[in-house]
Amino acid sequence: MGVKERQEREREATGRAILDAARDLFVAEGYQNVSIRKIAEKIEYSPAAIYSYFPSKDDIFLALAEEGFRMLFDSYECELKEHTHSSPLACVRSAFLNVYKFSRDHQEYYALMFLDRSVPRISKDWQRFAFVHEMRTQITGLIQQSIDAGDFAPGTNAEMVFRVLMVSIQGASAMRLCERLVPGEDADALATVTLDAALTGLRTGFEHSYQPSTFCI
C-alpha cells in the first residue's frame, strides 16, 4: 500500500470515528447538549482536528442523517424487490412496516432522524437529501396505484394516506424506542396492528379536514 492510500484510509477511519462518537453522544445526551469539544474528547482528538473533517456540529449531524436515510432507503428497496409480484397495496404496507423495522434495528439513527427536536432540519440541505424525496414519491405513487385499483375510496388523496400511515407507524416506533410499552407487550405486533388499523380505516373512507403538505417526510 502506498503512502497516499494509507493516508486516505487513515482519514476515512478518523472520519468514521468522529461520526460514531458524535452519534453516540447525540443520542445519549441530546444534540443541543453536545459540543465539538465533547466529541473530540471522546475520541481523544483536538477540536481543531474535528473541524478539519467537519466545518460544524450541524455538518456532523447532516452526515449522520444522510447515512441513516440511505440505510432506510436501501432497506425499502430490498423490501420492494421481495414483493415484486405483490399488489401495490401490499407494497405500501411493506414500505411502512419497513420504517418500524428500521427504528428497531437502527435505533440510534432513528432517534436522531425522527425524535430529537433540537437537530437541524434536513431541508437546510435539500439537494443532498433529494433521494429522500425520491423514496417518498415512489411510495406515494404506489398509494396512487392502489387508489386507482379501487383499494381506497374514490377521490382519496394519496398524500393524505402517506402522512396518516407515516404518523401511525412512527407512533408505534417511538413508543417502543422511548420505552412506553407495558412489560411484556409485543412491540412488533403493536406496530403491525396499528398500521393495519390505519389502512383499514383509510380504505373505508371518511370525511376529514386535513390538507397534507408535500414538503415533509
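If I ask for residues that are exposed (fewer than 14 other Cβ atoms within 10 Å of the Cβ) and of a type in the set (S, T, N, Q), which ones from region 6-34 would you list?
Scanning region 6-34 gives 7, 32, 33.
Could you check, for region 117-131, whether at least one of its residues is of a type in the set (D, E, K, R), outside the structural domain of residue 28 (by TED's automatic domain parsing), modelled with pLDDT under 95 and in a helix (DSSP H, G or I)?
Yes, some residue in region 117-131 is of a type in the set (D, E, K, R), outside the structural domain of residue 28 (by TED's automatic domain parsing), modelled with pLDDT under 95 and in a helix (DSSP H, G or I).
Based on what the data block shows, is residue 43 of a type in the set (A, V, I, L, M), surrounded by fewer than 18 Cβ atoms within 10 Å (Cβ to Cβ) and over 24 Å from the mean Cα position of the chain (by Cα)?
yes
What about residue 103, is it buried (at least 19 other Cβ atoms within 10 Å of the Cβ), among the polar types (S, T, N, Q) and in contact (Cβ under 8 Å) with a residue 12 or more places away in the chain?
Numbers: buried (at least 19 other Cβ atoms within 10 Å of the Cβ): yes; among the polar types (S, T, N, Q): yes; in contact (Cβ under 8 Å) with a residue 12 or more places away in the chain: yes.
Against the criterion (buried (at least 19 other Cβ atoms within 10 Å of the Cβ), among the polar types (S, T, N, Q) and in contact (Cβ under 8 Å) with a residue 12 or more places away in the chain), residue 103 qualifies.
Among the listed residues 195, 190, 89, 165, which satisfies the condition of being modelled with pLDDT of 95 or more and either surrounded by fewer than 18 Cβ atoms within 10 Å (Cβ to Cβ) or not in a helix (DSSP H, G or I) (or both)?
Numbers: 195 fails: either surrounded by fewer than 18 Cβ atoms within 10 Å (Cβ to Cβ) or not in a helix (DSSP H, G or I) (or both); 89 fails: either surrounded by fewer than 18 Cβ atoms within 10 Å (Cβ to Cβ) or not in a helix (DSSP H, G or I) (or both); 165 fails: either surrounded by fewer than 18 Cβ atoms within 10 Å (Cβ to Cβ) or not in a helix (DSSP H, G or I) (or both).
The unique qualifying residue is 190.
The values are calculated or read from the model by the stated rules, or taken from the named source; none is laboratory data. Because the structure is predicted, anything quoted here is derived from the model rather than measured. A quick note on method: Cβ atoms are made from the backbone with ideal geometry, for glycine too, and the neighbour counts reach across all protein chains shown.
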